[in-house]
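The structure under discussion is supplied below as structure tokens; questions concerning it will follow.
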There are 2 protein chains.
Amino acid sequence: MGARPKLTQKRRTQMLEAAMEVIADRGLCDTRIADVSDRAGLSPALVVYYFGSKEKLLTEALAYAEDLFYIEAFRELTGIEGASERMVRLIELACPPVVRREADEYWTLWVELWSRALRNDEAARKREALERRWRNTIAEVVREGQRSGEFGPCDPERFATYLSALMDGLALQVLFGDPAVNGELVYEMCLDAAAGELGFEPDASRRRDEEREAEQEELAAEG
Amino acid sequence: MGARPKLTQKRRTQMLEAAMEVIADRGLCDTRIADVSDRAGLSPALVVYYFGSKEKLLTEALAYAEDLFYIEAFRELTGIEGASERMVRLIELACPPVVRREADEYWTLWVELWSRALRNDEAARKREALERRWRNTIAEVVREGQRSGEFGPCDPERFATYLSALMDGLALQVLFGDPAVNGELVYEMCLDAAAGELGFEPDASRRRDEEREAEQEELAAEG
DNA sequence: ACCAATACTAAATCATCATTCAATGTAGCA
DNA sequence: TGCTACATTGAATGATGATTTAGTATTGGT
């Protein structure tokens, strides 16, 4: 044999990334293959060549997006010492920042995945795997904190379920642009809930304000 | 003038009801006008005659469904004496029962409305109105309980936002069929949260178990 | 240079609907 | 009865967009 090196991986991620963007701004239903291929600078036929069908592309794109988010968040978290610090950071990462479109995108796609998972088995499976992984991460932080004595007694699985659901519900409101629910409030509520259930002092919460100020300055400098 | 009595209202609800069912089991994207007209026993053209377009039909159907839920819930609640009893019942009504398909339907449609509201202005407006009404209802119960001394101090609006988001997030998991999250657990978590924030004794929680037993018997009798 | 394997695309295909149209039915009323 | 206004539909119409096809590059290896 002898041929050409496979670009499969490169092309696939190129298309998945394009699909993410398109889905985030047009919505799953209104995403056409041509939109994705246009954004990726390729032809529609090529998308089918690599993914087999539109359905597969969309499902994979949603899973891919959430995977990106998770990978990034996980990397962040492993660099942090102390369970309560880590919990605080985990909450920060999950709360939709509103300022940066980029991070809202993950939430938008997450919502799209929900509605799709209600009927598409493949999407349901992927969503479930992502959910489980995320809850495990939360539960793991709880266990760590309990071992170290930072947190009080509390069922880690149950707490993970609770916190994760709370974040989903609150983030949703932020996405909708509810004037009464901004990222700041969500963060505060999640932190309170965690501190209450786990019994730790969320004095680290000041950190977020500092970050926000830094961002403001950054924006001011750019604009 | 002289003519024929308008069936407009009758036909519209007939179609909205059909649309609810179709959307709940095929999903918003895959709902065709023909599905709705078939289910209603009418012609596709008639749907357009009454609603103008598919888009309008769908948006109205989603809002209609949530309206039905709310009207029913509200009626229920007004018949109850005592703020804590009322809060307990409110939570019961909102938690997806899983046993009865009918009530899950509202939740399914609620999720569909979410994804649509991210991009369709009309849907966004309706969703917002429904959300506001629901939160007001919660907040009102809180205020009532505070006046009567049943509940401790707590910002009613904030609590409403919190509880409503928590319900959304948890109900979602039930819809997905997460084995670790059934209606019972959701109910318990919401009740705990409410009791904790508002400072009342959720001893009324036994009621739900009784109901469940009654349902079991009912089912057994039917099967 | 030439072959094999892969990458890619333009232009058909083909099916699927939403929407429109032209026509027919029907009920109240004069 | 016959008129008017509304109700209803079968059969076009027209777009749209996924997927196929048939063929053209491109490139690494020989």
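Collect the residues in region B:45-66 that are under 21 Å from the mean Cα position of the chain (by Cα), within 11 Å of DNA strand C (Cβ to nearest atom) and within 14 Å of chain A (Cβ to nearest Cβ), keeping them in residue-number order.
As a first pass, look at region B:45-66 and keep what is under 21 Å from the mean Cα position of the chain (by Cα): B:56-66.
Of the ones still in play, those that are also within 11 Å of DNA strand C (Cβ to nearest atom) are B:56-58.
B:L58 - this is the single residue of region B:45-66 that is under 21 Å from the mean Cα position of the chain (by Cα), within 11 Å of DNA strand C (Cβ to nearest atom) and within 14 Å of chain A (Cβ to nearest Cβ).
Kindly check whether there is at least one residue in region B:79-94 that is within 14 Å of chain A (Cβ to nearest Cβ), among the small types (G, A, S) and more than 16 Å from DNA strand C (Cβ to nearest atom).
Scanning region B:79-94 turns up at least one residue that is within 14 Å of chain A (Cβ to nearest Cβ), among the small types (G, A, S) and more than 16 Å from DNA strand C (Cβ to nearest atom).
Within region B:95-115, can one find any residue that is buried (at least 20 other Cβ atoms within 10 Å of the Cβ), basic (K, R) and more than 10 Å from every other protein chain (Cβ to nearest Cβ)?
No, region B:95-115 contains no residue that is buried (at least 20 other Cβ atoms within 10 Å of the Cβ), basic (K, R) and more than 10 Å from every other protein chain (Cβ to nearest Cβ).
Taking B:V47 and the conditions (1) loosely packed, with under 15 Cβ neighbours inside 10 Å; (2) touching a Ser or Thr at 6+ places or on another chain (Cβ under 6 Å), which numbered condition does it fall short on, given that it satisfies the others?
It is condition (1) that B:V47 fails.
Between residues in region A:43-60 that are outside any helix (DSSP H, G or I) and residues that are small (G, A, S), which pairs lie under 7 Å by C-beta distance while being six or more apart or on different chains?
A:S43/A:S37
Any idea how many residues of region B:33-51 are more than 10 Å from DNA strand D (Cβ to nearest atom) and farther than 23 Å from B:W110 by Cα?
1
Within region B:150-184, restricting attention to residues that are within 18 Å of A:P179 (Cα to Cα) and either touching a Pro at 6+ places or on another chain (Cβ under 9 Å) or touching a residue at least 12 places away in the same chain (Cβ under 8 Å) (or both), which residue is surrounded by the fewest Cβ atoms within 10 Å (Cβ to Cβ)? Explain how you work it out, then say what you get.
Let us first name the residues in region B:150-184 that are within 18 Å of A:P179 (Cα to Cα), namely B:155-165.
Applying the additional criterion that residues be either touching a Pro at 6+ places or on another chain (Cβ under 9 Å) or touching a residue at least 12 places away in the same chain (Cβ under 8 Å) (or both) yields B:156-157, B:159-164.
Numbers: B:P156: 20, B:E157: 14, B:F159: 20, B:A160: 22, B:T161: 24, B:Y162: 26, B:L163: 25, B:S164: 20.
Among those that are within 18 Å of A:P179 (Cα to Cα) and either touching a Pro at 6+ places or on another chain (Cβ under 9 Å) or touching a residue at least 12 places away in the same chain (Cβ under 8 Å) (or both), it is B:E157.
If we scan region A:62-84, do we find a residue that is surrounded by 13 or more Cβ atoms within 10 Å (Cβ to Cβ), in contact (Cβ under 8 Å) with a residue 12 or more places away in the chain and within 11 Å of DNA strand D (Cβ to nearest atom)?
No: zero hits.
Can we say B:A94 is away from DNA strand D (no atom under 16 Å from the Cβ) and either closer than 26 Å to B:V142 by Cα or modelled with pLDDT under 95 (or both)? Before you say what the answer is, go through the steps one by one.
Numbers: away from DNA strand D (no atom under 16 Å from the Cβ): yes; either closer than 26 Å to B:V142 by Cα or modelled with pLDDT under 95 (or both): yes.
Answer is yes for this residue.
Cβ-Cβ under 9 Å, sequence separation 6+ or interchain: first residue in region B:7-18 and polar (S, T, N, Q), partner in a helix (DSSP H, G or I) and away from DNA strand C (no atom under 13 Å from the Cβ). Which pairs?
B:T13/B:Y64; B:Q14/B:A40
From the residues in region A:129-149 that are over 20 Å from A:D67 (Cα atoms) and either surrounded by fewer than 20 Cβ atoms within 10 Å (Cβ to Cβ) or out of contact with any Ser or Thr (no Cβ under 8 Å at 6 or more places or on another chain) (or both), which one is farthest from the other protein chains (Cβ to nearest Cβ)? I'd like the intermediate steps shown before the answer.
Residues of region A:129-149 that are over 20 Å from A:D67 (Cα atoms), as a first pass: A:142-149.
Keeping just the survivors that are either surrounded by fewer than 20 Cβ atoms within 10 Å (Cβ to Cβ) or out of contact with any Ser or Thr (no Cβ under 8 Å at 6 or more places or on another chain) (or both) gives A:142-144, A:146-149.
Working: A:V142: 15, A:R143: 17, A:E144: 21, A:Q146: 20, A:R147: 23, A:S148: 25, A:G149: 24 Å.
Looking at residues that are over 20 Å from A:D67 (Cα atoms) and either surrounded by fewer than 20 Cβ atoms within 10 Å (Cβ to Cβ) or out of contact with any Ser or Thr (no Cβ under 8 Å at 6 or more places or on another chain) (or both), I get A:S148.
Of the residues B:L185, B:L191, B:L163, B:L172, which single one is within 13 Å of chain A (Cβ to nearest Cβ), among the aliphatic types (A, V, I, L, M) and closer than 30 Å to B:L57 by Cβ? Before the answer, list the steps.
Working: B:L185 fails: closer than 30 Å to B:L57 by Cβ; B:L191 fails: closer than 30 Å to B:L57 by Cβ; B:L163 fails: closer than 30 Å to B:L57 by Cβ.
When all the criteria are applied, what remains is B:L172.
Among the listed residues A:M87, A:M167, identify the single one that is modelled with pLDDT of 95 or more and touching a Cys at 6+ places or on another chain (Cβ under 8 Å).
On the way: A:M87 fails: touching a Cys at 6+ places or on another chain (Cβ under 8 Å).
Residue meeting the stated conditions: A:M167.
Go through B:V99, B:V111 for me and flag whichever is at pLDDT 95 or above and among the aliphatic types (A, V, I, L, M). Let's see the steps before the verdict.
Working: B:V99 fails: at pLDDT 95 or above.
Residue meeting the stated conditions: B:V111.
Determine whether region B:32-44 contains at least one residue that is within 13 Å of DNA strand C (Cβ to nearest atom) and over 27 Å from A:N120 (Cβ atoms).
Yes.
Here's a check for you: in region B:113-128, which residue that is part of a helix (DSSP H, G or I) and out of contact with any Lys or Arg (no Cβ under 9 Å at 6 or more places or on another chain) is nearest to B:Y64 (Cα to Cα)? Outline the logic, then answer.
To start, the set of residues in region B:113-128 that are part of a helix (DSSP H, G or I) comprises B:113-117, B:121-128.
In the following step, the residues that additionally are out of contact with any Lys or Arg (no Cβ under 9 Å at 6 or more places or on another chain) were identified as B:121, B:125-126, B:128.
Working: B:D121: 17, B:R125: 13, B:K126: 10, B:E128: 14 Å.
Checked region B:113-128; the qualifying residue nearest to B:Y64 (Cα to Cα) is B:K126.
In this structure, is B:A19 within 16 Å of DNA strand D (Cβ to nearest atom), surrounded by fewer than 16 Cβ atoms within 10 Å (Cβ to Cβ), more than 14 Å from chain A (Cβ to nearest Cβ) and assigned to a helix (DSSP H, G or I)?
On the way: within 16 Å of DNA strand D (Cβ to nearest atom): yes; surrounded by fewer than 16 Cβ atoms within 10 Å (Cβ to Cβ): no; more than 14 Å from chain A (Cβ to nearest Cβ): yes; assigned to a helix (DSSP H, G or I): yes.
It is false that B:A19 is within 16 Å of DNA strand D (Cβ to nearest atom), surrounded by fewer than 16 Cβ atoms within 10 Å (Cβ to Cβ), more than 14 Å from chain A (Cβ to nearest Cβ) and assigned to a helix (DSSP H, G or I).
The values are calculated or read from the model by the stated rules, or taken from the named source; none is laboratory data. Since the model is a prediction, treat every value here as computed from it, not as a measurement. Every residue, glycine among them, receives a Cβ derived from its backbone with ideal geometry; neighbour counts consider all protein chains shown.
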